[in-house]
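*Asks:* Mind having a look at this structure? Questions to follow.
The values are calculated or read from the model by the stated rules, or taken from the named source; none is laboratory data. It should be emphasised that the depicted structure is a prediction, and the values quoted were computed from it without experimental measurement. Virtual Cβ from ideal backbone geometry, glycine too; neighbours counted across all protein chains shown. Each accessible area value is taken on the protein alone, full model and side chains, heavy atoms only, with ligands, DNA and RNA left out. Shrake-Rupley method; radii C 1.70, N 1.55, O 1.52, S 1.80 Å.
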Amino acid sequence: MSSADIYREIILDYYRNPRNYGKIESPDISKRDSNPLCGDELEMHINLKDNKVSDVKFTGKGCAISQASASMLTELIMGKDFEYVKKLTKEDILENLGLPDLGPARIKCALLSLKVLKYGIYSYVSEKLNDATSADKIKEEASGLF
């Protein structure tokens with residue numbers, strides 16, 4: 001079995017058995033977005049405690065890559081410091097998926113969860129922390145994902 005086959009199996013497992021799937025009542029961060037080109041939809045909910053991710057859930061529908069990526073992202077950020085989460089990049093997500101060479105159409109599927117996360121963080125930093133400078137930087141990162 002090649003490494004590509006192994007990553008395909010891992011992605012299918014996360015798609016069929018998503019981790020942290022569901023909603024959080026009264027989350028600190030909540031954001032929804034979609035990829036209109038392929039119809040993928042994703043909503044993410046996050047609670048913070050002591051500046052760390054204390055709970056994270058997602059809901060959505062779409063292709064295996066978009067849903068597996070969201071599931072993997074929730075595992076990646078659970079328990080992590082908010083500063084770490086704010087600094088995540090598209091390279092981090094693609095490495096986590098094991099798919100660094102996705103084509104232009106599929107990369108949007110893989111990065112939808114990061115885009116939703118970044119826009120959620122943007123809203124939180126802007127509205128709840130009143131930090132316009134940091135918020136604008138995060139919004140720019142999210143806008144530049146695809």
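*Asks:* Would you mind getting the accessible area per residue of segment 1-89, heavy atoms of the protein chains only, 1.4 Å probe, in Å²?
*Replies:* Averaged over the residues of segment 1-89, the accessible area is 53 Å².
*Asks:* Roughly speaking, what % of Cα-Cα pairs in the chain are separated by over 19 Å, rounded to a whole number?
*Replies:* 48 percent
*Asks:* Let me ask something else about it. For the chain, give the magnitude of the charge dipole about the Cα centre (Cβ charges: +1 Lys/Arg, -1 Asp/Glu; no others), in debye to the nearest 20.
*Replies:* Its charge dipole is roughly 240 debye.
*Asks:* Once neighbouring chains are kept in place and the probe is 1.4 Å, which whole percent of the accessible area of segment 1-86 is contributed by carbon and sulfur?
*Replies:* So the carbon and sulfur contribution to the accessible surface is 48 percent.
*Asks:* With a ≥ b ≥ c the root eigenvalues of the C-alpha gyration tensor of segment 1-41, is it rounded (a/c under 1.5), prolate (a/b larger than b/c) or oblate?
*Replies:* Oblate, because a/c is 1.5 or more while a/b does not exceed b/c.
*Asks:* Mind checking the full-extension length gain between Glu91 and Lys23? Use 0.36 nm per residue of separation minus the Cα-Cα distance, one decimal, nm.
*Replies:* Stretched fully, the Glu91-Lys23 segment lengthens by 21.8 nm.
*Asks:* Hey, another quick one. Compute the FRET efficiency between Ser123 and Leu37 as 1/(1 + (r/R0)^6), taking r as their Cβ-Cβ distance and R0 = 22 Å, and round to the nearest 0.05.
*Replies:* Computed FRET efficiency for Ser123 and Leu37 comes out at 0.40.
*Asks:* If you fit an axis through the alpha-carbon atoms of helix 132-143 and take the longest principal axis of the Cα set of the chain, what angle between them do you get, 0 to 90°, nearest 10?
*Replies:* Orientation of helix 132-143: about 20 degrees from the principal axis.
*Asks:* Can you give the relative contact order of the chain as a percent, counting alpha carbon pairs under 8 Å and 6+ residues apart?
*Replies:* Reported as a whole number, the value is 23 percent.
*Asks:* Which distance in nm do the two modelled labels at Arg8 and Asp55 give, with both placed 7 Å along the Cα-to-Cβ direction?
*Replies:* That separation, rounded to one decimal, is 3.8 nm.
*Asks:* Taking all protein chains together and a probe of 1.4 Å, list Phe82, Phe146 from the most accessible to the least accessible.
*Replies:* Largest accessible area first, the list is Phe146, Phe82.
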